[in-house]
Amino acid sequence: MNFWLRLDSMDRRWVFLMMGLAVAIPILWIGITGRTFPETATPAARDVFRAIDSLPEGSRVLFGFDYDPASSGELQPMATSLMRQCAAKKLRIVCIALWPLGGNLAQETLAEVVRSDFPTMREGVDFVNLGYQAGNEGVMKVVLTDFKKAFPVDSRGQPSNDIEILKDVKTVSDFPLIVNVGAGYPGNKEWIQYVISACQGKVKMVAGCTGVSAPQLYPYYPVQLAGLLGAIKGAAEYESLVNEAMGGVPAPKYLEAQRRMAPQLFGHLLMVSLILAGNGIYFAGKRRPQR
Amino acid sequence: MILRRTIPIWIATLGGFVMLISAFGKPIEGMGESFAEVFNVIAAIAFVLGAGSLLKANLTKISRRDAGWGFAIVTLSTFAVTLIAGIFKVGVNPSRDFPLATFSGKQTTPESPFGWLYEYAMVPLTSTMFALLAFYVASAAFRAFRAKNLEAGLLLGTAFIVLLGRTFAGVILTGWLPEWASGLRLENLSVYVMQVFNTAGNRAIIVGIALGVAATSLRILLGVDRSWMGTGGDR
Amino acid sequence: MTRQGKTWLVMCGVLAALLIARGLTGEGLGRVYVKKVEVSLGSEQVAGAQGVSQTIWKEVPADKATMKWVEWNQVAPKEFFAARAANPAQDSISLSWPRTIGLWLGAFFTLAIMSFLYADNIAYKLAEATVIGVSAAYWMVIGFWETLVPKLFGALTPTLVSKLVLPSLQPSDVVQQISMWVALVLGVMMLWRLAPRGGWIAAWPLAFIVGVTAGLKIVSHVESDLMAQAAATMQPIVEVVPSATGGTDWYATTWATLANALVLVGVVCGLVYFLFSVQHKGVIGGAARVGVWYLMITFGAAFGFTVMGRIALLAARFEFLFDDWLWLIDPNHLRS
Amino acid sequence: MHSTARAVLRRRFQNRLRSAVLLVAMLVFVRVAAAEFITQVPVESAQGAPSATTAPIEATALFNEHRLPLGMWILGIGVATTIFVSRARSGKLPTIRRIAALEAVDEAIGRATEMGRPVLFIPGIQDMDNIQTVAGITMLSRVATTAAHYDAVIEAPTSRSLVMEAARDAVQASCLAAGRPESFQPDRINYITDEQFGYAAYVGGKMLREKPAACFYMGCFFAESLIFSEIGNSIGAIQIAGTAESSQLPFFVAACDYTLIGEEFFAASAYLSGEPDQLGTLQAQDSAKIAVLAFIVIGSAVATVSAICGSPSFLVEAYHLLQRALGVSP
């Protein structure tokens, strides 16, 4: 039988197997050798870095965790590095979540970055986790008029009115920058639609998003969005920028995204070869006379 | 008929117009926000209906000994265990700030049965289901991405550029291009595609969708389209 | 035995053999260790924000505590190894059986779902039945504790909620109370479906929801999508980029101008494609065709980006299997 | 016959009433908006002094002035809808272009009937507060009407309790309208779980075991789109998808037989109904689209000419006016 014909009748489970191997082997290889590929940052990632870097020390940042463990493979490295840059710049971080599990992820990120590497930062003064609020866009509309009404207590149950970091916060415009890591609805797009548009330039926003939503968010960059981290590639670029700025040898937790770029490379190469093979089959079939 | 069709349609019309006007009228500006809360509460109450449907479907399956009735038992028992453990916060310590309030603790720590079920059953199951997409995406690329015409060719050509341009492969393949032709390097090309073609295409889609939503909403508000509305009969 | 049956047998056999081999080498297979934390709290009266005295709970030495309980926090295995090396009889860090069983269950479920790629099978069916049961109940519990309790009960029965759940509950205003009463009434109407007669009343809350949704969405979509995106497209085509020496950078200017022109053409042609009441012939047909090209390029880009996300997710699952379960790799230095 | 005539009369009366409500709302809006517009744009008179600043103060307190352009757009679309609907009612029907996906609906259901297999309908995974779900339910009612005629079985697992209720209502109404109330089977429309991938696991398994001959995916979809459409493809089902989630469109386009892209999805139920009223709304939608196109083309032209000619003030002002009409304050 002709090669192309045989390829065409190939069981798709072989494709599944190839994909499994293309991802699994690099993970094992990197896990054992610990080596990663170098990253050069694209403008969208550099703008995220710059937006945070240009804020004066002590500025408040609203940090949104709009994702859940299902997408943390892509988004957690972004959240970790973003949190690290904010903490290193001595910004005051206010974490919120519109996804039920986002509050827990905020707590974990704070523990991993702030509590362990920036022990001088005090809860309630330099950072706070306001936890999850139900209500999707409703919450965004409330923060426009009364921030503390939307988040009356923090994740420990302390009233917002008693929290030092929120002392003179009235509306969301009291935060010069919103950093939002989002996986879908409600997320980055809704923040742009309901908050950034309504604040008319008073609040800037940078976003981290999954690969799926990146193309939808590009039309908002650079006007409504000051910077955008798209997918694990964006995370890896930004991670390398932050690592470079911080100097020294980064801890393994700050290399997560760059480690995940190796399976990406082989996965993508496999995809490209599959597309080529598919088209080879198609054109070979076209050349054969139809009977 | 009046109770079952006319009044609901008027409820929809009036509810919609009030919301529409509330976007412009200062005194009633916050009505949209209240609705989001109202909706969440109704949806939470409606879980009773969902649970009823789930129970009925699985109990019928078991009583009729349909194919796979054993799995219906698994569904029902995991459902019951999770629900009881979660609603009563079984094994959850109270919050450290309010130790006297019995239910002040969060139920999501893996120490409690509910948290354990979440951490070790739900997370691996749902995230692996999510990860299956990597396999399906490969099979779709192999089977469906064929340059049958110009349109399909453009689709797969772009996918090609983005796939290569967003990894180290792009650097290896086209990194040698001289500075004056750096625009043709795959990583730059992929950014160009995103900022120009993708922006234009997405804008057209977004504007179209906005018009579609506006027209659909108006069809509902003006009562032109009533097919979303059932008879509301007894079942 | 069918060919598929044989394949299953071989796959399971190979997996079991590999597991045993792995279990017999080095530190063995995935286990979870926990550290015992004794929480002892005592209360204290302090002056609050409005001068009212408040009760504050603080960590106090165990002998002065009025409330005590024990928590178990997960720690990295290397902490256990270190503690064991320092004092083999220590009991502050120990193996957690529930969590270790959970870890293995998680690994089983991961493999069970992946086995669906080969064919439908009993392990997948078991995983499917479990995920439906657990997740349906999960969202109901979340709906109860995160929505019904703080919003509905918090507004209607504040004393009860603040006593049992949230002592720092803020009193709700009139608007909130009214809207929660409305929600309660509509919710009960919805549940009327379960009553033997008069199920039609459930159509009313549904109509309310659909109508209000229509009213809300028309505003948000027209404002932020239609108008804002049209305004963003309304830009000058010619974009002069100044060069470093003060003149015009003709190379960059050409590229920027071309990009602007391409965006404009794309948006216009894309919108023409969506025209319904005009036949796609002649100029309109040509423009619509160009619009389709743009849409296809957009879809191709979206596809490429999505692949990236999907592979990252798969990588995360493999990392769970190799790192947490099999202890084959240790990228986060949890064991060494 | 008598009762039918009365029903027609009653419906006509209600339509009039609804239009009247709209008209009154618009008049109030225009009254307030006009007053606002005067305060907002002090027209420069020849002497350079603001000439018209006499706005009623109470109007300012009631009206959210920065949303004026938004109100104008919605009002415009509303007026266009009323005009085109009444034109269509008077017999001037628009010709609507062919939408291949929709012409395949009957064929797909017919094939399922022939093969004696069920039709699977997925109304997305979002709740009733998403307009795409509402559009999905509308499509379900059309598909259910056809299915009732052919006597095909519809399966519609849902991921939200409210959607299940709405879907049952819609299908029951369709069966009734098709004259076959007995073909309504509420147990085929079930709630599964709110969890995205729990739901995907269920639907995936069900598809592989029951092998539906036709699959419809109409509503708001996220990552599960490809799981469904790839499994549907492997079992050889005819698949028709429609969504406004642009991130999922590539997967539907690649793996399904027909896909309704974005706006087409919202137009679908109007197209399928073939009712003059609904076709009229499509024309209204188009007229709004043409207005947007005009804004984009004229605005870009003005901006370009102004950039080339060194920004003469009248062009700059014209551009600012256009921007203001789109809600951007220059």
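None of the figures in this text is laboratory data; all of them are computed from the coordinates on show. If you're wondering where the values come from, they're calculated on a predicted model, not measured in any experiment. When we count neighbours, we look across all protein chains shown, and the Cβ atoms used for this are built from the backbone with ideal geometry, even at glycine.
Viscosity 1.306 mPa s, temperature 10 °C: what is the translational diffusion coefficient of region C:242-326 from Stokes-Einstein with a Kirkwood Rh over Cα pairs, rounded to a whole number of µm²/s? Translational diffusion coefficient: 94 µm²/s. Its alpha carbons give chain C an Rg and a Dmax of 31.5, 89 Å.
Using the empirical formula 2.2 N^0.38 Å as the baseline, the Cα radius of gyration of region B:145-230 reaches a ratio of 1.71.
Other protein chain C-beta atoms within 10 Å of residue C-beta, averaged over A:21-30: 5.
The Cα trace of region D:281-330 gives Rg and Dmax of 12.9, 43 Å, the first to one decimal, the second as a whole number. For the protein assembly as shown, the Kirkwood estimate of the hydrodynamic radius, built from every pair of different alpha carbons, is 31.4 Å. Expressed per residue, the C-alpha convex hull volume of region A:1-89 stands at 190 Å³. Size estimate for chain B follows the Kirkwood approach: the inverse of mean 1/r over distinct Cα pairs works out to 25.0 Å.
Taking max minus min of the alpha-carbon positions on each principal axis, region C:1-159 gives extents of 79, 52, 20 Å, largest first. Per residue, the convex hull spanned by the Cα atoms of region C:164-232 amounts to 162 cubic angstrom.
The angle between the Cα long axis of helix B:47-63 and the longest principal axis of the Cα atoms of chain B comes to about 90 degrees, rounded to the nearest 10. In terms of its Cα atoms, region C:162-303 spans 74, 48, 28 Å along the principal axes, sorted from long to short. Reported to the nearest whole Å, the Cα centre-to-centre distance from region A:72-117 to region B:105-141 is 21.
For region A:237-291, state the average projected area of the convex hull of the C-alpha atoms over all orientations, rounded to one decimal in nm².
Projected area, direction-averaged: 5.1 nm².
Within chain A, helices built from complete DSSP H runs that reach 18 Å or longer along their own axis (Cα positions) and carry a mean Kyte-Doolittle hydropathy of 0.5 or higher are A:12-33, A:261-287. Note on region D:149-198: Kirkwood radius taken over Cα pairs, Stokes-Einstein applied at 4 °C and 1.567 mPa s, translational D equal to 114 µm² s⁻¹.
Could you work out the percent of alpha carbon pairs in region C:88-240 separated by over 18 Å, rounded to a whole number?
Result: 80 percent of Cα pairs exceed 18 Å.
Here the alpha carbons of region C:31-95 define both size measures, Rg and Dmax, at 17.6, 54 Å.
Expressed to the nearest 5 percent, the antiparallel share of DSSP beta bridges inside the protein assembly as shown is 35 percent.
Once the Kirkwood radius over Cα pairs is known for region A:1-157, the Stokes-Einstein relation at 20 °C and 1.002 mPa s delivers a diffusion coefficient of 114 µm²/s.
Projected area of region D:100-273, taken from the Cα convex hull and averaged over every viewing direction, in nm²? Don't skip to the answer; put the middle values down first.
Details: hull surface 33.2 nm².
Value for region D:100-273: 8.3 nm².
Rounded, prolate or oblate, given the Cα gyration tensor of region D:226-321, with a/c below 1.5 counting as rounded? Oblate, because a/c is 1.5 or more while a/b does not exceed b/c. Among the DSSP helices (H) of chain C, those spanning at least 15 angstrom by Cα along their long axis with an average Kyte-Doolittle hydropathy of -1.0 or more are C:3-24, C:97-114, C:122-142, C:174-191, C:203-221, C:250-273, C:282-319; this is a geometric and hydropathy rule only. Shape class for region B:21-79, computed from the alpha carbon gyration tensor (a ≥ b ≥ c): prolate, with a/c not under 1.5 and a/b above b/c. Overall size of region A:188-284 from C-alpha positions, given as principal axis extents largest first: 58, 39, 16 Å. Over chain A, the ratio between the Cα radius of gyration and 2.2 N^0.38 Å evaluates to 1.17.
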